[in-house]
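Enquirer: Before anything else, here's the structure in question.
The values are calculated or read from the model by the stated rules, or taken from the named source; none is laboratory data. This one's a predicted model, so the numbers in the text were calculated from it and none came from an experiment. When we count neighbours, we look across all protein chains shown, and the Cβ atoms used for this are built from the backbone with ideal geometry, even at glycine.
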Amino acid sequence: MILCRVIGNAISTVKHPVFEQYAVMVCQPVDPQGEPMGRSFLSVDSVQAGVGDLVLCAREGNTARQILAKPPMAEVPHHSVILAIVDEVELRGQATLSGPGE
Amino acid sequence: MQLAKVIGTCVCEQKYPTLEGVRLLVIQPHDHSGQPDGPPVIAADPLQAGPGDTVEWVTGREAAMGLPNPFAPVDVGIVAIVDHYWGDERYLG
């Protein structure tokens, strides 16, 4: 799982039908201090996260499929999903990050 | 899943039978600010995207799942044509 900050979203009209019920967010991986780390990527939102939220993302197809595949669509082309909204990150007894953006 | 810009097309005469009828596009992955992220790759396209379009793409087993034949030997696939995207680095604090 990757700690990320949601910094935007992507809107599409022409898409695979399974994407119709979910928002796709732009996620920037961050380290436990909140510093950006690497390039941003897209993630399907399963927990109603908003822009500015600190979230946990899984970038792996089977995890995404377990959460998002619903009958009759068992095979879905999702590869990345937002799993949780982070309230706080604590490192060596000290809170380093809180949920909402500045 | 990631953003990419379609920069070209790829045509193959000889191919594995289940790849028949699958459009192949050359895409350049990029991040929310338009910065290229890695080298261009060839992606299967079931959505009729064209050069100049911004698309959303997936890698791995899921790439074939967007195609009419989900068992086609494909590891990069386009899943959406993006109309608009944005990312604001001010949210990083």
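Enquirer: So which residues in the range A:61-102 are assigned to a loop (DSSP other than H, G, I, E, B), at pLDDT below 85 and closer than 17 Å to residue B:93 by Cβ, if there are any at all?
Expert: Across the range A:61-102, the qualifying residues are A:99, A:100, A:101, A:102.
Enquirer: Residue by residue through the range B:38-93, note down the ones that are among the acidic types (Asp, Glu), under 22 Å from residue A:55 (Cα atoms) and surrounded by fewer than 22 Cβ atoms within 10 Å (Cβ to Cβ). Spell out the reasoning first.
Expert: Going residue by residue through the range B:38-93, those that are among the acidic types (Asp, Glu) are B:45, B:53, B:56, B:62, B:75, B:83, B:88-89.
If we keep only those that are under 22 Å from residue A:55 (Cα atoms) as well, we get B:56, B:88-89.
Listed by number, the residues that qualify are B:88, B:89.
Enquirer: Another question, if that's okay. So in the range B:48-62, with the set limited to residues that are over 24 Å from residue A:8 (Cα atoms) and touching a strand residue (DSSP E or B) at 6+ places or on another chain (Cβ under 7 Å), which one is farthest from the other protein chains (Cβ to nearest Cβ)?
Expert: Among residues in the range B:48-62 that are over 24 Å from residue A:8 (Cα atoms) and touching a strand residue (DSSP E or B) at 6+ places or on another chain (Cβ under 7 Å), the one farthest from the other protein chains (Cβ to nearest Cβ) is B:51.
Enquirer: Let me ask you something else. When the range A:15-30 is examined, which residues are found to be exposed (fewer than 14 other Cβ atoms within 10 Å of the Cβ) and either within 7 Å of chain B (Cβ to nearest Cβ) or in contact (Cβ under 8 Å) with a residue 24 or more places away in the chain (or both)? Break it down stepwise before answering.
Expert: We begin by selecting, within the range A:15-30, every residue exposed (fewer than 14 other Cβ atoms within 10 Å of the Cβ); these are A:17, A:20-21.
Scanning the range A:15-30 gives a single hit, A:17.
Enquirer: Mind listing whichever residues of the range A:63-72 are closer than 12 Å to residue B:62 by Cα and out of contact with any helix residue (DSSP H, G or I) (no Cβ under 9 Å at 6 or more places or on another chain)?
Expert: Result: A:63, single match.
Enquirer: In the range B:63-93, which residue that is facing another protein chain (nearest Cβ under 7 Å), in contact (Cβ under 8 Å) with a residue 24 or more places away in the chain and of a type outside the set (A, V, I, L, M, F, W, C) is farthest from residue B:11 (Cα to Cα)?
Expert: It comes out as B:89.
Enquirer: Of the residues that sit in the range A:39-52 and are within 9 Å of chain B (Cβ to nearest Cβ) and assigned to a loop (DSSP other than H, G, I, E, B), which one is surrounded by the most Cβ atoms within 10 Å (Cβ to Cβ)?
Expert: A:40
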